[in-house]
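All of the numbers you see were taken from the coordinates with simple rules; none came from a lab. Please read all numbers here as calculations on a predicted model, not as lab measurements. Neighbour counts are summed over all protein chains in view; Cβ atoms, including those assigned to glycine, are modelled from backbone coordinates with ideal geometry.
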Amino acid sequence: MKNLAQNIAEILYEKKANNIVALDVSQMTVITDAMVIASGRNALQVKALADDLEDKMSEMGLEPARKEGQQDGRWVVLDYRDVLVHIFHPEEREFYRLDKLWEAENNRIALSFDEDQED
């Protein structure tokens, strides 16, 4: 689960997603083990990030169990069972604050590019 979350975050980082966070939520919910939360600069980039991630994951033999929101590009959710991916338009991210809702003391998953990101 941790490696999958890190791989997903890396794919999003390479496509210039903003403010990428990976959280281990396995002790908080039975829905998933981890969440990757990222932002695009606008609706077009949110859709492009989701499409690219889905393509790259498909190349690895992983298809989402569910996907929501790709039409609007405001909040896209890709469900890879062990990892839920949320890609937000900046306004929606600020409004819903999922990373604040699910972040606990020590549940951030370290990402190779963490120090390169701006919060």
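Kindly evaluate Glu14 against the criterion of being of a type in the set (Asp, Glu), more than 23 Å from Asn107 (Cβ to Cβ) and either buried (at least 16 other Cβ atoms within 10 Å of the Cβ) or in contact with a Phe, Trp or Tyr (Cβ under 9 Å, 6 or more places away or on another chain) (or both). When the stated conditions are applied, Glu14 does not pass them. How many residues does segment 75-97 hold that are over 17 Å from Glu14 (Cα atoms), touching a residue at least 60 places away in the same chain (Cβ under 8 Å), of a type outside the set (Ser, Thr, Tyr) and crowded, with 19+ Cβ neighbours inside 10 Å? Qualifying residue count for the region: 2.
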